[in-house]
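One structure below.
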Amino acid sequence: MRIDVQKLQAGPETHILNHNPAFFDLVGKDCEVSEKVRGKVAFSLVGDKVLMEGNIQTSARMECVRCLAPVKIPIRKSFTVVFVPKEEEPSQKESFNPEEENTSYYTGKTIYPDMEIRDLVLLEIPDYPLCREDCPGLCVHCGANLNNGTCRCKEMEEVAPPNRPAHSWKEQLKHLRKTTEGK
């Protein structure tokens, strides 16, 4: 997307977003933005600054951090970003001002807001996605998904409990067969 700052002197510009995730470089290993990035973005001139306001929506696919099940994460974001001419960029010595969090810089008479829109999407993706809030995850012993029920670790403990000496593996297998035949 390309915004001509001089054209904004005639009035605000509105752009409709309907882009594939690859347009904003939103394709990755750990997180896949799975739907088009849709929304509406308006640009207006305020002095020599450009105001970008709008909303975006899409969804991402990730794995639950507890059970590794696929999770679809809806992303909806309303935003305001102010583009300031590069010559007004604060020096490195100035401290961070939280009010400038949504500030970007441009040079010349053209703004390319694609990276800002990309960053807005990425900031909405959770660090620790869950399939559900109370996800019990995987069994630490056998790796079974505890969302699907209990695992067989308890049955295995009955074969050779820690307070008794372990039987040979053949005896354990025979005992396990006997306990599972009736099920």
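Neighbour counts of other C-beta atoms within 10 Å: give me 128, 106 arranged from fewest to most.
Fewest to most other Cβ atoms nearby, the residues stand as 128, 106.
Residue 132 to residue 68: extension gain in nm, 0.36 nm per residue of separation minus the Cα-Cα distance? Write out the running numbers ahead of the final one.
Values: separation 64, 0.36 × 64 = 23.04 nm, distance 1.17 nm.
Full-extension gain reported as 21.9 nm.
May I ask you to sort 104, 168 by Cβ crowding, counting other Cβ atoms within 10 Å and putting the fewest first?
168, 104
Express in nm, to one decimal, how much length is gained between residue 35 and residue 168 on full extension, taking 0.36 nm for each residue of separation and deducting their alpha carbon distance.
Extending this stretch completely gives an extra 42.4 nm.
Apply 1/(1 + (r/R0)^6) to the Cβ-Cβ distance of residue 10 and residue 87, taking R0 = 25 Å, and write down the FRET efficiency to the nearest 0.05.
0.60
Please list, by residue number, everything in the range 12-49 whose backbone N is under 20 Å from a paramagnetic label point 7 Å out along Cα→Cβ of residue 109.
Answer for the range 12-49: 12-14, 43-49.
Going by how many other beta carbons lie within 10 Å of each one, how would you line up 133, 53, fewest first?
Values: 133 5, 53 16.
The most exposed by this proxy come first: 133, 53.
Taken together, the values in this text are just the output of simple stated rules run on the coordinates, not laboratory data. Here the structure is a predicted model, which means the values were calculated and not measured. Don't worry about glycine lacking a Cβ; one is built from the backbone with ideal geometry, like all the others, and counts go over all protein chains shown.
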